[in-house]
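The values are calculated or read from the model by the stated rules, or taken from the named source; none is laboratory data. Keep in mind it's a predicted model, so treat the numbers as computed, not measured. So basically every Cβ, Gly included, is an ideal-geometry build from the backbone, and we count neighbours across all protein chains shown. Note: areas computed on protein heavy atoms with side chains; ligands, DNA, RNA excluded. Shrake-Rupley method; radii C 1.70, N 1.55, O 1.52, S 1.80 Å.
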Amino acid sequence: MGGSRTLVAAAGRRTWPRAGAHAHVSYTASLCLRRGSQLSCRSSLTNQCWRAAYSSVFATPSTHQPSPTTTTTPKASSPATIHVNGKTYKTDSWFNVPANVLAATTRKLHLQKDHPISITRQILESKFPGPTYKYHNDFDPVVSTVENFDSLGFPPDHPGRNRSDTYYINKDTLLRTHTSAHEAALFRARESPGYLISADVYRRDEVDRSHYPVFHQMEGARVWDRASVPNGDIVAAIYEDLARLPTHDIVVEDPNPPHHPERNPLQAKHHTAAEAEAVAAHLKQSLELMVVEIFSRAKAAAVKQDPNFVDEPLRVRWVEAYFPFTSPSWELEVYYAGDWLEVLGSGVTTQEIHINSGVPSQIGWAFGIGLDRIAMLLFQIPDIRLFWSQDERFLSQFAGVSDNLGTLKRFIPFSKYPACYKDVSFWLRSTSAAGGNSKAANAHDFHENDVMEVIRNVAGDTVEDVKLVDDFTHPKTGRKSMCYRINYRSLERTLTNAETNTLHDQVTQALVGKLGVEIR
Ligand code: FA5
Ligand code: MG
């Protein structure tokens, strides 16, 4: 455990391989589907991916600068302007948002009464009561690169900025990749000592049962102001607030020191050790209470449906992490179905964000949690695509829960339709234009996220997952061949053979047309 923690922290700091690498890591590995669990957890991979993607201030600088001319990125149909939530935005050559992703901006599942994402939000909000915490659930998904990256200290060459990872409307405007995009504005606004933001977030990513280009996050923060605490004693004020929090009786593994000079440093320029430790103690207790609440409700729902249900004791642990906008930082992991599943990222907020937001005397903590992932655990929902279903067989199962959380039940799958696997093998585009160095050019330009997006655009939610099953480089020509296995399986009905064949043909054509690959 300590080993994996150290490894992860070190990986975040030292060795960011290159842009889009998280996607490559993920595709080549297999899902961890556990018997008895309906959730594909993939925790360690997913953790590494996003930890890496959002954690590379100290990483070896990537040589792959974000570029509007990335050659393999599929061209979304590029209208001159687009409309999101009643506002009009000009596009430019950076535009890469496909129509299905744009359409998702209208759905606001986190606000849809009796929707599992919304119910999950309500449960989490109940652990952060007003007036200390103010809820912000209607922030626009379109933000600037300054809000999403610069204000949080992301370096200019951070891979998260690449068009292979992020949906851009134009060079300076994107669909937020995380709710932290609103942090600086809320610090500046000083409306309340704490806040929660729930929102849809957008990332170009792989296709499988736990990844969708749109998911939901809840962000929370709590600040204290040196200028207004009694006697200026911020440490005492924080511990007083901590003493007022409820307690829980779960044993939480937390073997690391509260900060570590290399792995998880204190912001020594701005915080004393006592201050950072007080903030960390309040953060950990607050977030543990939230996680305990979720798992208590999950257990209650299971017992209600199956009185013989025997649960393993809840295991929770803090692991060191890295984010450009917090230090020290931690992730909270829960042991679920035989594996550690990352549920949130958190830390002591970077003081520069407070300073740049005009509130230099404030210090505090922040966290971000994935609502979809929590909802999948809570309701035992086996496939992330289900959240987007308008099928009454799905939605009706949660009727009335928003008004009475005590009626929460586990999801009962309405059927499992047959899977249909089809392979597509292709050579990456010949790159004679790249001065004959075809190997280098291919390796540089090819992003698996592009393959995923082309497939998703054509076949939509009828694709359950896509896996790389083979790749090799021709020893003489240096050309690279890839073979992907696509699993076509509707959540709502059995697909006919003819239908799947047609879809697969269309996918194949789109790969050729959009990515310029040559089918083998
Ligand atoms: C972030 O997005 C940070 N903004 C979180 C944060 C906020 C850290 C404030 C510190 C302070 P990350 O990419 O790890 O970090 O995502 C946060 C959480 O979102 C994860 O722990 C996970 O629960 C969820 N999440 C991330 N990627 C996915 C995904 N592809 N599918 C489902 N859930 C995801
Ligand atoms: Mg993470």
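Please sort by residue number the chymotrypsin sites (Phe, Trp or Tyr not before Pro) in region 378-432 whose DSSP state is loop and whose Cβ has at most 10 other Cβ atoms within 10 Å.
none
Would you mind estimating how fast region 292-367 diffuses translationally, via Stokes-Einstein at 10 °C and 1.306 mPa s with the Kirkwood radius over Cα pairs, in µm²/s? Mind dumping the intermediate values first?
On the way: Rh = 14.8 Å.
For the chosen part, D equals 107 µm²/s.
What does the charge add up to near ALA278, with Lys and Arg as +1, Asp and Glu as -1, over the other residues with Cβ less than 13 Å from its Cβ?
Value of the local net charge: -2.
Whenever you get a sec, compute what percent of the accessible area on region 116-220 sits on carbon and sulfur atoms (1.4 Å probe).
Working: 1390 of 2760 Å².
C and S atoms contribute 50 percent here.
Relative contact order for region 177-255 using alpha-carbon pairs under 8 Å, separation at least 6, rounded to a whole percent?
25 percent.
Could you calculate the contour length gain from THR496 to ALA189, that is, 0.36 nm times the residue separation minus the distance between their Cα atoms, to one decimal place in nm?
105.0 nm
For ARG226 and SER126, what is the calculated FRET efficiency with R₀ set at 30 Å and r taken between the beta-carbons, to the nearest 0.05?
Efficiency, from the Cβ-Cβ distance: 0.50.
If the limit is 29 Å between Cα atoms, which of LYS113/LYS416; LYS134/LYS304; LYS304/LYS467 go over it?
LYS134/LYS304; LYS304/LYS467
Under 17 Å between alpha carbons, and skipping anything fewer than 8 positions from LYS108 in its own chain: which lysines qualify?
Straight-distance partners of LYS108: LYS87.
What FRET efficiency, computed as 1/(1 + (r/R0)^6) with R0 = 22 Å and r the Cβ-Cβ distance, is obtained for ALA300 and ASP403, rounded to the nearest 0.05?
After rounding, the FRET efficiency stands at 0.80.
Projected onto the charge dipole of region 298-354 (+1 at Lys/Arg Cβ, -1 at Asp/Glu Cβ, origin at the Cα centre), which of ALA301, LEU314, THR350 gives the Cα projection farthest towards the positive end?
Farthest towards the positive pole: ALA301.
Under 18 Å from a point placed 7 Å out from the Cα of GLN112 along the Cα-to-Cβ direction: which residues of region 368-392 have their backbone N that close?
In region 368-392, the label zone of GLN112 (backbone N under 18 Å from the point 7 Å along Cα→Cβ) covers 371-392.
Which percent of Cα-Cα pairs in region 103-163 sits in each 10 Å bin, short to long?
Result, from short to long distances: 17, 32, 34, 16, 0 percent.
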